[in-house]
Amino acid sequence: MPFPYHKINGQDIAHFRTIIGEERIVEKEAVKKEYHHDEMPEYGVYAPDLLIEAINKEEISQIMKYAYEKNIPVTVRGAGTGLAGGATCKYGGILLSVMKMNRILGVDMDNMTITTEPGALLSEVADAASAAGLFYPPDPGERTASIGGTVVTNAGGMRAVKYGVTRDYVRAIEAVLPDGEIVNFSSNVVKNTTGYDLKDLVIGSEGTLCILTQVTLKLIAKPKLTWSLVIPYDSIEHCISTVPKLLKMSFVPTAIEFTETDVLDMVEKHLNKRFPDRSSDAYLIVMLDANTKEEMEKMVEEAAGTAIGAGAKDVLISNTAERSASVWSVRAGTLEGLKADSLSQEECDVVVPRSKIAEYVLEAKKISKKHGIRIVTVGHAGDGNIHTELLKDPHLTEQEWKVNTHACLEELYAVSKRLGGQLSGEHGIGIGRLEHMRHFVGERMYRLFQSVKMVFDDKNILNPGKVVALDSKGRCGA
Amino acid sequence: MKIIVCIKQVPDSSDVAIDPESGTLIRMGQNAKTNPYDLYAIETALRIRDEVGGTVTALTMGPPQAEEMMRDAYMMGVDETVVMSDRKFAGSDVLATSYTLSQGIKMLEGADLIICGKQTTDGDTAQIGPAIAEHLDIPHVAWVKSLEEVNDRFIAVVHQMSGHVQVSEMPYPCLITVDKDIFVPRLPSYKTKLSTREKEVRFLSFADLPDKNLSRFGIIGSPTQVDKMFPPEAAEGQVHIEGNSVEKANRLVALLSEAKIL
């Protein structure tokens, strides 16, 4: 029986010391607290029994062979910037950091790809692409994320409207399976119908299926000009109902974000970052990419005509780096501003069909009122991924906060499901949303998820207790 | 109140090419934009106008393509724009540029308040504003960080001196240069673009100016000789601070203090 797991002892540590350099093994008491959680400690704080920093795939293979044989749980850790409690040792065991595997192995100009180890930062990969005159579009906002982390969480970000998500850029993955075998998912090809597309299963699997050791990513030509439009509205309804109209234009905007005046207040109050326009209740921020000024001017004309025709008060044009910084630094400060303005936060990352965004946002406001929990909706209006932040105000007791946020979440997820949406758009399931999974996806689909997990990881030693629970078979539960 | 804002078109890149022969900036083929510091001056002028009434005129000296910058100024909300453009102005240093602009201001029959950005991103001298005021013999305060009071008799401004903050009150006419972050500059408006489409950008040449003494303009009127111009070397040094969080914080404060950043 794989569960309960084997508890790491002195003999195990002695074995790992024969594989790994002394300085790259840290025992439980010496593991820094930051490794006990990710960016959402609300989803659990767990001390690993052992932290190992691997430097190559052979080491990882040997660690996994031993862990598989001894039944020791292993959780892979990148930069720890996740928002779902994904990279934590829920059942103890080994926390395997890949942050020392951070070499960018090269840009292939002929195939327009970049190959990198998993511990390189997203910003480093994007910079390496840029230095070669190319562009890696996925940008979830957190640019200090590890590139491996962005692949296993299928990171999205605001540019998904035009460029898609991380999945659309992954050509090939080299990985270690739970039993230690090194395998390759696809290769540097554009098309592939060679059997099941397991690469796509691995992308977004949150470290529950295998351990990435190398990834090859598609790059594209870099757009020469990027401008932004700030579009003010008197009402949130008009603001959001413009989004489908902008998506029907003759070109695809790079990003369409929305924000409300309350959020701007919070960012201004706590971070002293001021937005260039404060005349209105709600704003869309639209990013446009083009290769010539003439092309850009035409896009601005069409977007402005569309927005004003849909009820916008004006269209403000950010056409230089300084102007864009004043717009996007406020948008980037949103999460920090919300955190500073509340005692605790719970986060809902639903994604709904783009035609249903307005309905979802209005429902969220009703749910907020009903349960007395402050709810702020912000984010990616262009792709339907509305970050719905639940904020704890001082008048709430811990118990009220816990009970009422849970009630809010259940209703928000029910609304998303009714509108044809999904539980999570880009932050993943991890621990944070696990309890809602089975109900949301349905029994048959959940069993399929469990089966997929078992095919890759029959002992359930890789990041157990995340994405799916296997309690029905007597193995570790949620 | 009549307000004149002096602005300048600069290359839209910090990576500026320099002609090795003449030592001057290569402007051809570069995208251009309004000097970022001047956007704060425009914003300050528009806010004062909106509060106490009056007009805002944007004034620049430069090549004819500065007209494009003036379209941007119209989109921000200025009422009138004037470009001083003449081959005779070419090669001007701080003295000749500030004198030429002061002549332009005289041509426009002066102003109650003249506002400049604190410096440009290409010349970086931060001297043009005060020099214009000296040519016009009016009071001035540079690097204003906030406005204390503006009414129809005087303006009171707050400016950062080395070691202390000073509040100064000046009667009109006067000149201020404003620091960045005095306000967040508004963005150009598409609706204003449509409504100002027919508005004229006025051009002034040497022949329009009251002073016809050519020795005060352009390269002849410029005593400054640029000996050599080169981009500064990018600092790439890195310091790694070790220790616990308190030790690291103390060391960081010490390093920043040594570098006079704190």
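Hey, any hits in segment B:186-197 for a residue that's of a type in the set (D, E, K, R), away from chain A (no Cβ under 14 Å) and part of a loop (DSSP other than H, G, I, E, B)? Write out each step before concluding.
Kept after step one, since they are of a type in the set (D, E, K, R), are these residues of segment B:186-197: B:186, B:191, B:193, B:197.
Retained after the next criterion (residues that are away from chain A (no Cβ under 14 Å)): none.
Checked segment B:186-197: no residue is of a type in the set (D, E, K, R), away from chain A (no Cβ under 14 Å) and part of a loop (DSSP other than H, G, I, E, B).
Show the residue pairs meeting these rules: Cβ distance below 7 Å; 6+ apart or different chains; first residue within segment B:100-129 and under 20 Å from B:L209 (Cβ atoms) and touching a residue at least 12 places away in the same chain (Cβ under 8 Å); second residue part of a loop (DSSP other than H, G, I, E, B) and among the hydrophobic types (A, V, I, L, M, F, W, C).
As it stands, the answer is B:T100/B:F217; B:Q103/B:L209; B:I105/B:A111; B:M107/B:L209, since those pairs meet every condition given.
Tell me, which helices (runs of 4 or more DSSP H) wholly within segment A:274-350 include 2 or more residues that are over 30 Å from the mean Cα position of the chain (by Cα), in the same structural domain as A:K402 (by TED's automatic domain parsing) and surrounded by fewer than 20 Cβ atoms within 10 Å (Cβ to Cβ)?
none
Among the residues of segment A:157-176, write down those that are of a type in the set (A, V, I, L, M) and farther than 15 Å from A:P118 by Cα.
A:M158, A:A160, A:V161, A:V165
Quick one: count up the residues across segment A:128-150 that are polar (S, T, N, Q) and surrounded by fewer than 22 Cβ atoms within 10 Å (Cβ to Cβ). Spell out how you get there, then give the answer.
Of the residues in segment A:128-150, the ones polar (S, T, N, Q) are A:130, A:144, A:146, A:150.
With the extra rule that they be surrounded by fewer than 22 Cβ atoms within 10 Å (Cβ to Cβ), the set shrinks to A:130, A:144.
Matching residues across segment A:128-150 total 2.
Among the residues of segment A:175-189, which ones are buried (at least 16 other Cβ atoms within 10 Å of the Cβ) and over 19 Å from A:Y68 (Cα atoms)?
Result: A:F185, A:S186.
Does A:V267 qualify as being hydrophobic (A, V, I, L, M, F, W, C), assigned to a helix (DSSP H, G or I) and in contact (Cβ under 8 Å) with a residue 12 or more places away in the chain?
yes
Does B:K180 satisfy being within 14 Å of chain A (Cβ to nearest Cβ) and not in a loop (DSSP other than H, G, I, E, B)?
Here the answer is no, as B:K180 does not meet what is asked.
What are the residues in segment A:1-26 that are in a strand (DSSP E or B) and closer than 21 Å to A:E69 by Cβ, if any? Steps first, please.
First, pick out the residues of segment A:1-26 that are in a strand (DSSP E or B): A:25-26.
The one that is in a strand (DSSP E or B) and closer than 21 Å to A:E69 by Cβ: A:I25.
Does at least one position in segment A:431-453 carry a residue that is assigned to a loop (DSSP other than H, G, I, E, B), closer than 22 Å to A:L198 by Cα and either modelled with pLDDT of 95 or more or outside the structural domain of A:T150 (by TED's automatic domain parsing) (or both)?
No, segment A:431-453 contains no residue that is assigned to a loop (DSSP other than H, G, I, E, B), closer than 22 Å to A:L198 by Cα and either modelled with pLDDT of 95 or more or outside the structural domain of A:T150 (by TED's automatic domain parsing) (or both).
Among the residues of segment A:355-407, which ones are within 24 Å of A:G333 (Cα to Cα) and either in the same structural domain as A:I236 (by TED's automatic domain parsing) or free of Cβ contacts under 8 Å to residues at least 40 places away in the same chain (or both)?
A:K365, A:I373, A:R374, A:I375, A:I386 - these are the residues of segment A:355-407 that are within 24 Å of A:G333 (Cα to Cα) and either in the same structural domain as A:I236 (by TED's automatic domain parsing) or free of Cβ contacts under 8 Å to residues at least 40 places away in the same chain (or both).
Suppose we keep only residues that are in a loop (DSSP other than H, G, I, E, B) and within 14 Å of another protein chain (Cβ to nearest Cβ) within segment B:52-91. Which one would you say is surrounded by the fewest Cβ atoms within 10 Å (Cβ to Cβ)? Step through it out loud before you land on a result.
Let us first name the residues in segment B:52-91 that are in a loop (DSSP other than H, G, I, E, B), namely B:53-54, B:62-65, B:77-79, B:85-86, B:90-91.
With within 14 Å of another protein chain (Cβ to nearest Cβ) added as a condition, the list becomes B:65, B:77.
Values: B:Q65: 12, B:G77: 18.
It comes out as B:Q65.
The values are calculated or read from the model by the stated rules, or taken from the named source; none is laboratory data. Please read these numbers as outputs of a predicted model, since none were measured by experiment. Glycine gets a Cβ as well: all are built from the backbone with ideal geometry, and neighbour counts include every protein chain shown.
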